1. Checking residue 187 against (1) closer than 21 Å to residue 64 by Cα; (2) in contact with an Asp or Glu (Cβ under 8 Å, 6 or more places away or on another chain); (3) assigned to a loop (DSSP other than H, G, I, E, B): exactly one of these is not met. Which one?
2. Among the candidates 148, 131, which residue alone is aliphatic (A, V, I, L, M) and either in a loop (DSSP other than H, G, I, E, B) or farther than 24 Å from residue 292 by Cβ (or both)?
3. Testing residue 153 on (1) assigned to a loop (DSSP other than H, G, I, E, B); (2) under 22 Å from residue 69 (Cβ atoms); (3) touching a His at 6+ places or on another chain (Cβ under 7 Å), one condition comes back false. Which one is that?
4. Only one of 120, 82 is crowded, with 19+ Cβ neighbours inside 10 Å, over 19 Å from the mean Cα position of the chain (by Cα) and under 16 Å from residue 236 (Cα atoms); which?
5. Among the residues of segment 219-260, count how many are among the charged types (D, E, K, R) and either under 22 Å from residue 120 (Cα atoms) or in contact with a helix residue (DSSP H, G or I) (Cβ under 7 Å, 6 or more places away or on another chain) (or both).
6. From the set of residues in segment 251-270 that are surrounded by 22 or more Cβ atoms within 10 Å (Cβ to Cβ) and under 16 Å from the mean Cα position of the chain (by Cα), which is nearest to residue 233 (Cα to Cα)?
7. Output the residues belonging to segment 154-169 that are hydrophobic (A, V, I, L, M, F, W, C) and buried (at least 21 other Cβ atoms within 10 Å of the Cβ).
8. What residue, among those in segment 257-295 that are touching a residue at least 40 places away in the same chain (Cβ under 8 Å), assigned to a loop (DSSP other than H, G, I, E, B) and of a type in the set (A, V, I, L, M, F, W, C), is farthest from residue 148 (Cα to Cα)?
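The values are calculated or read from the model by the stated rules, or taken from the named source; none is laboratory data. What you are looking at is a predicted structure, and each value in this text was computed from that prediction instead of being measured. Here Cβ is always computed from backbone atoms with ideal geometry, including for glycine, and neighbour counts include all displayed protein chains.
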Amino acid sequence: MSQSLTIGKTNALFSAPEAQEARSLFGRGRSHSTSAVTDKGPSVGSALQFTGSVPTFRLILTRHGQSANRGRAKGVPASKDPDLTELGYRQAQGLGEKLNHLGPGWKREVHGPPLVVTSPMKRCLLTILPALQMLELPRESCLCHGGAFEFGCAGRDHTGSLHKEISAEFPEFKPVEFSPDGYWDYRGASGKESEQEFCARGKRMAQWLLTNGLGALRAQTDASAGSGLPTLILCIHQTLGDFLSHLLLEGSAERWVYADARYKMDNASFSELLVYADGRAKMQTMNACSHLPFI
């Protein structure tokens, strides 16, 4: 029997209307069984055993390259929205080449083009940009999500950048899910985002992926007459990626602990998850780094 995604023990990820929307997007007649999760948590790649079903879409989680804050001179304050170090740019190039190598079917429109979704933070936009250029993706396939920023990087004291500023600097991306004022989608009341606020935002991000994100992916796959497994590439951050992985792989974020990542993501690495009809996922590849420069 499938399980609903939860945060903690009782807070269901989908409300009744949202669950109906998710079912309509995923389609009907697809089900799978899962094995119990042990007290120590799932082992990577074998946490869930699926039978009698076909995955609905492939989710490729990527992390930004090395932040420019890591290379700043002594005494220079950290930027609230840094770009990349020289190494980070090389990592972004390596990630782009790897995704381009994985995607010849996208170019032949066998599977249809991937949908790329990225954090609004510069280090993510710059990291995924080479992949967009190599894959020759149109702007409609490249979304900058206003709610995908890293834990604690926005709040009342720092609202982030405006979507029109991002569009001016990164015209390759179409902004979605920004605040009514046009800033990053922070909805709390703290000077700096709290852990509770982050968990609520992570939940919203998961909901968006399984409803609006999947809907956009389905629409462009249908438009290209593609067949096969649609792919969504999500370029984000370690903490948010770990939180989403808990939700998708374990069914809840009950075991999630800040700064103690169970689902590790090195700079410019990628993990591949197969997502099924009830929103649960299976890890295929975790934290792949063979495409990255050693120095």
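1. Single failed check for residue 187: (1).
2. Exactly one of 148, 131 is aliphatic (A, V, I, L, M) and either in a loop (DSSP other than H, G, I, E, B) or farther than 24 Å from residue 292 by Cβ (or both), namely 148.
3. Of (1) assigned to a loop (DSSP other than H, G, I, E, B); (2) under 22 Å from residue 69 (Cβ atoms); (3) touching a His at 6+ places or on another chain (Cβ under 7 Å), only one is false for residue 153: (3).
4. That would be 82, the only listed residue that is crowded, with 19+ Cβ neighbours inside 10 Å, over 19 Å from the mean Cα position of the chain (by Cα) and under 16 Å from residue 236 (Cα atoms).
5. 2
6. Within segment 251-270, the match that is nearest to residue 233 (Cα to Cα) is 270.
7. 154, 166
8. 295
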